[in-house]
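Please read the structure below before turning to the comments.
The values are calculated or read from the model by the stated rules, or taken from the named source; none is laboratory data. Remember, predicted model here, so these are calculated numbers, not experimental data. We place every Cβ from the backbone using ideal geometry, glycine too, and count neighbours over all the protein chains shown.
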Amino acid sequence: AQSVTQLDSHVSVSEGTPVLLRCNYSSSYSPSLFWYVQHPNKGLQLLLKYTSAATLVKGINGFEAEFKKSETSFHLTKPSAHMSDAAEYFCVVSVSNNNDMRFGAGTRLTVKP
Amino acid sequence: NAGVTQTPKFQVLKTGQSMTLQCAQDMNHEYMSWYRQDPGMGLRLIHYSVGAGITDQGEVPNGYNVSRSTTEDFPLRLLSAAPSQTSVYFCASSLLSGANVLTFGAGSRLTVL
């Protein structure tokens with residue numbers, strides 16, 4: 001079975017500085033990987049997804065993630081944080097022949113003025 | 001285009017009561033699923049369905065029942081509520097299972113006293 005570990009439960013950055021949210025995965029098959037964002041009291045929204053095409057994936061709102069098979073990682077980055085980026089972020093792994101999508105525990109991003 | 005609609009948004013139950021959380025989607029999605037979200041644990045899959053008449057268990061199915069009589073609807077039933085079922089519940093759907101993007105409902109907050 002696949003699983004995902006988000007290495008930080010909380011990340012705090014200043015506005016205008018880079019963001020790094022870390023995710024490691026475990027999967028017996030070639031995985032599909034996703035990042036979702038959840039703003040307070042809202043549902044989840046897709047940021048980006050990797051499905052075995054380019055290893056560097058660009059998403060919405062300036063976010064991107066790089067799939068590194070050798071490190072089993074899929075870290076999320078953004079060059080410059082904005083106040084509106086404050087939210088909870090979830091890394092998700094799915095196997096193409098499996099209907100079971102597994103979520104990480106989430107990373108809460110705080111952006112300081 | 002309503003997307004995924006969950007009702008009710010809030011519910012308080014007493015231990016032992018039963019209730020049904022409703023989920024409907026108008027996107028003709030084959031795949032539908034229910035997750036529960038608890039602090040520090042991310043989203044955990046309860047049950048899922050890959051089409052009308054087909055359901056299967058996820059990671060935490062105990063205490064919950066589902067059915068899928070139509071493509072549009074996927075209700076989640078709590079037969080005898082327990083305090084451990086206090087959580088926020090999300091319904092999600094996608095065109096196909098596996099690597100496709102999930103569309104989430106706004107969530108249903110359930111408290112069991």
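General remarks:
Every residue, every condition in (1) crowded, with 20+ Cβ neighbours inside 10 Å; (2) touching a helix residue (DSSP H, G or I) at 6+ places or on another chain (Cβ under 9 Å); (3) on the phi > 0 side of the Ramachandran plot, yes or no:
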{"position": "A:Val4", "(1), (2), (3)": "yes, no, no"}
{"position": "A:Asp8", "(1), (2), (3)": "no, no, no"}
{"position": "A:Leu20", "(1), (2), (3)": "no, no, no"}
{"position": "A:Cys23", "(1), (2), (3)": "yes, no, no"}
{"position": "A:Ser26", "(1), (2), (3)": "no, no, no"}
{"position": "A:Val37", "(1), (2), (3)": "yes, yes, no"}
{"position": "A:Ser52", "(1), (2), (3)": "no, no, yes"}
{"position": "A:Ser73", "(1), (2), (3)": "no, no, no"}
{"position": "A:Asp100", "(1), (2), (3)": "no, no, no"}
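- Contacts under 6 angstrom Cβ, first residue in the stretch B:25-50 being facing another protein chain (nearest Cβ under 8 Å) and more than 27 Å from A:Gln6 (Cβ to Cβ), partner surrounded by fewer than 23 Cβ atoms within 10 Å (Cβ to Cβ) and of a type in the set (Val, Ile, Thr), 6 or more apart: none
- The stretch A:37-54, residues that are touching a strand residue (DSSP E or B) at 6+ places or on another chain (Cβ under 6 Å) and more than 8 Å from chain B (Cβ to nearest Cβ): A:Val37, A:Gln38, A:His39, A:Leu47, A:Leu48, A:Tyr50
- The residue that is nearest to B:Ser94 (Cα to Cα), among those in the stretch A:10-36 that are away from chain B (no Cβ under 13 Å), in contact with a Leu (Cβ under 6 Å, 6 or more places away or on another chain) and of a type in the set (A, V, I, L, M, F, W, C), is A:Leu21.
- Here B:Gly51 fulfils each of the conditions (1) modelled with pLDDT under 95; (2) closer than 21 Å to A:Leu44 by Cα apart from (2).
- Enumeration of residues in the stretch A:65-81 that are outside any strand (DSSP E or B) and either in contact with a strand residue (DSSP E or B) (Cβ under 7 Å, 6 or more places away or on another chain) or aliphatic (A, V, I, L, M) (or both): A:Thr72, A:Ala81
- Strands (runs of 3 or more DSSP E) wholly inside the stretch B:60-113 that include at least 3 residues being free of Cβ contacts under 8 Å to residues at least 60 places away in the same chain: B:64-66
- Selection of the stretch B:12-37 for residues being over 14 Å from the mean Cα position of the chain (by Cα), on the phi < 0 side of the Ramachandran plot and either crowded, with 22+ Cβ neighbours inside 10 Å or of a type outside the set (Lys, Arg) (or both) yields B:Val12, B:Leu13, B:Thr15, B:Gln17, B:Ser18, B:Asp26, B:Met27, B:His29, B:Glu30.
- Boolean, B:Ser87 is at pLDDT 95 or above and touching a Pro at 6+ places or on another chain (Cβ under 7 Å): no
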